């Protein structure tokens, strides 16, 4: 009997320990879910209506993949007495958020900042897609704002004031989630002016172009060069060809003229009837083809002092540059083998 009692007591203690370990594990899991930083990067728009219950909000957040469990959300909101603390409005959450972050946002209300990242080399339409992901502004609203008014950018010719291609400066911005489309456009334009204010725009005249054409050249450099050290070399090729009235023959300008980006251009693509097609038309395209970064703008204002007329991609992100056409053909054939 004594041995049996000891046996039962031992298993009773083991059971208690296992139970405590289980409770501890659940507590740690809840803490990780509740406090750990956001795991997702995909923004999600969610509208919380006036009078919606915690259960309705939980279901909506779960359906939009903001949280992993509607049940856990309801339990946590009940345990903390937060059911009546959630404010209605339009929110931008992120997929896979942790519950503590979601509760904090719902209690604070929808007036908060979002992060908009605009990489180098995007067109107005591509920038619009980024803006729509990060803010309440739709792609259509942004494009309309970027093409529907005179923003008074000094170096844009009057006839091009409704075309902001090239001037929506690539950078990471902190914006209010409910910022209007025109305000977003003005923010990106103001950043362009701030970033380029101290550049020597007078160098444009020495290069035989206008400041606006410098931005066009910079946009070509942005789409052609990957390595920063090659940007002045690409600039040299462009200016050298312009100087001798030679076709630029830049693939990126043809890509811009096409309805959608292609991995490889065909000979028919090179015949696309567009003023942007530098295989058909001499000189620069009529406007930039993307928003260049500061490095490309600087290269367009200060090209390398080289006589290069040709370059060919070498497959490692770099290019081979030459002034000799036969050497260009030889290297191109070697690269393509």
### Query
Once fully extended, how much extra length lies between residue 249 and residue 261, figured as 0.36 nm per residue of separation less the alpha-carbon to alpha-carbon distance?
2.6 nm
#### Entry: Residues 309, 168, sorted so that the one with the fewest Cβ neighbours within 10 Å comes first
309, 168
### Summary
Everything considered on the Cα gyration tensor (a ≥ b ≥ c; rounded for a/c under 1.5, else prolate if a/b is larger than b/c, else oblate), region 267-337 must be described as oblate
### Message
Relative contact order of the chain, please, whole-number percent, based on alpha carbon pairs below 8 angstrom and at least 6 residues apart.
### Response
14 percent
### Query
In what order do 82, 171 fall by count of nearby beta-carbon atoms within 10 Å, going from fewest to most?
82, 171
### Query
Rounded to a whole number, what is D in µm²/s for the chain from Stokes-Einstein with the Kirkwood radius over alpha-carbon pairs (25 °C, 0.890 mPa s)?
102 µm²/s
### Query
Using 0.36 nm per residue, how much length does the chain from residue 333 to residue 176 gain when fully extended, once their Cα-Cα distance is taken away?
51.3 nm
### Query
Does region 53-94 come out rounded, prolate or oblate by the C-alpha gyration tensor, with a ≥ b ≥ c the root eigenvalues, rounded set by a/c under 1.5 and, if not, prolate when a/b is larger than b/c and oblate if not?
oblate
### Query
Gap in Å between the Cα centre of region 295-322 and the Cα centre of region 178-238?
16 Å
### Query
Counting alpha carbon pairs within less than 8 Å and at least 6 residues apart, what relative contact order, in whole percent, applies to region 38-165?
23 percent
### Message
What is the distance in Å between the Cα centroid of region 58-81 and that of region 93-163?
### Response
28 Å
### Message
Sort 147-153, 95-101 by the packing proxy (mean of other Cβ within 10 Å over each peptide's residues), most packed first.
### Response
95-101, 147-153
#### Entry: Computed [θ] at 222 nm, deg cm²/dmol, the chain (DSSP H ≥ 4; -39,500 (n - 2.57); rounded to nearest 500)
-14500 deg cm²/dmol
### Summary
So the FRET efficiency between residue 193 and residue 140, C-beta based with R0 = 30 Å and rounded to 0.05, is 0.70
### Task
Would you please classify the overall shape of region 207-336 from the alpha carbon gyration tensor, given that a ≥ b ≥ c denote the square roots of the eigenvalues, rounded means a/c under 1.5, and beyond that prolate means a/b larger than b/c while oblate covers the rest?
rounded
### Query
Normalised by the residues of region 114-196, what does the relative contact order come to in percent, with Cα pairs under 8 Å and at least six apart?
38 percent
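Taken together, the values in this text are just the output of simple stated rules run on the coordinates, not laboratory data. Owing to the predicted nature of the structure, the values given are computational and were not obtained by experimental measurement. Quick reminder, even Gly has a Cβ in these numbers, built from the backbone with ideal geometry, and neighbours come from all protein chains shown.
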